[in-house]
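The values are calculated or read from the model by the stated rules, or taken from the named source; none is laboratory data. Not measured: the values here are computed from a predicted model. With ideal geometry, Cβ positions are generated from the backbone for all residues, glycine too; neighbour counts draw on all protein chains shown.
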């Protein structure tokens, strides 16, 4: 079965050249209307979709009358500010006729790289998807600087896929996948339908950006780099042409694409990252009831926590131990150490009365990675 059919959560990156007509700087409404029907079909069979959309700067450039030239950082930020509302209006008008609600999400690199903000952004995406909305994500170019930005929305889309725990990342391109050489320059270039390992040889095949339309900044090289990020998070990547109407339906009907596979599932990759790549900043000791719940894959509630050690922040990794000091799991705390100490032993309904806010369980099940075996600190 096609990964496009099997995927539970799909992140789709749509570039400026698809959203905006390069010569006029106007929204390509025909393309958006067809694409919205594509997304509605996925949603109708129970799949969740996040759209990562470029186009704010291109639309804002036209709105502000900025000439077709390289913009300064201040001009680019101004164009993004002027164009973002136009971009969201275009998506709203495209999705509304097919019964889908949209929600704007603007991110900066800190939102996917700093764990505290990562948890906040992920919780927002999860809630929007649970409520049936289609999040439309873009980089917050109004505040981004050249030194602190994703650089292109292929990379942003990969980070969003990683954060959301997506099963499939779709990068809509100006070509229908990866070739052994640039097919625009070499007519003998051969299409590659599937890639199981991203080797140096594969990366060398990626060409440069196609900026003939005067919009966009990405190219096949950035898509391969994005696919590597996604693969590390257990997410496969599909690269195909977005130039055709309803590009997703076209792929399901046999249109050319390149699938970059991954050997692990997104949830497993995320938990492996928690278990092996993060240095714990503190610990929590839990009672027998909480221990049993954690072993069954449940969230760690404040009511089951008996002690808190260390000086950790929200989103930091902590070790979860039983009353004998054996390590049960590692996870990302939704509260900092001070707040955790104030609410340990409390039922969930009482947390907001004590703190004035409530972020759910002490550690959510999705952020808990069980230890391979229970070990005491002295056993290591």
query = In the range 169-185, which residues are at pLDDT 90 or above and under 17 Å from residue 53 (Cβ atoms)?
reply = 169, 170, 171, 172
query = Going by the structure shown, is residue 329 loosely packed, with under 15 Cβ neighbours inside 10 Å and assigned by TED's automatic domain parsing to the domain that holds residue 372?
reply = no
task = Scan the range 287-303 and give yes if some residue there is in contact with a strand residue (DSSP E or B) (Cβ under 8 Å, 6 or more places away or on another chain) and free of Cβ contacts under 8 Å to residues at least 24 places away in the same chain, otherwise no.
result = yes
task = Go through the range 46-67 and give me each residue that's at pLDDT below 95 and in a loop (DSSP other than H, G, I, E, B).
result = 54, 55, 65, 66, 67
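Suppose the filter is in contact with a helix residue (DSSP H, G or I) (Cβ under 7 Å, 6 or more places away or on another chain), buried (at least 19 other Cβ atoms within 10 Å of the Cβ), over 25 Å from residue 33 (Cα atoms) and at pLDDT 90 or above; does residue 239 pass it?
no
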request  = Scan the range 277-290 residue by residue and report those that are over 30 Å from the mean Cα position of the chain (by Cα) and surrounded by fewer than 22 Cβ atoms within 10 Å (Cβ to Cβ).
outcome  = 285, 287, 288, 289
message = With the requirement that a residue be out of contact with any strand residue (DSSP E or B) (no Cβ under 7 Å at 6 or more places or on another chain) and modelled with pLDDT of 95 or more, what does the range 131-144 give you?
response = 131
request  = Consider residue 240 carefully, then state whether it is in a strand (DSSP E or B) and either more than 25 Å from residue 4 (Cβ to Cβ) or out of contact with any strand residue (DSSP E or B) (no Cβ under 8 Å at 6 or more places or on another chain) (or both).
outcome  = no
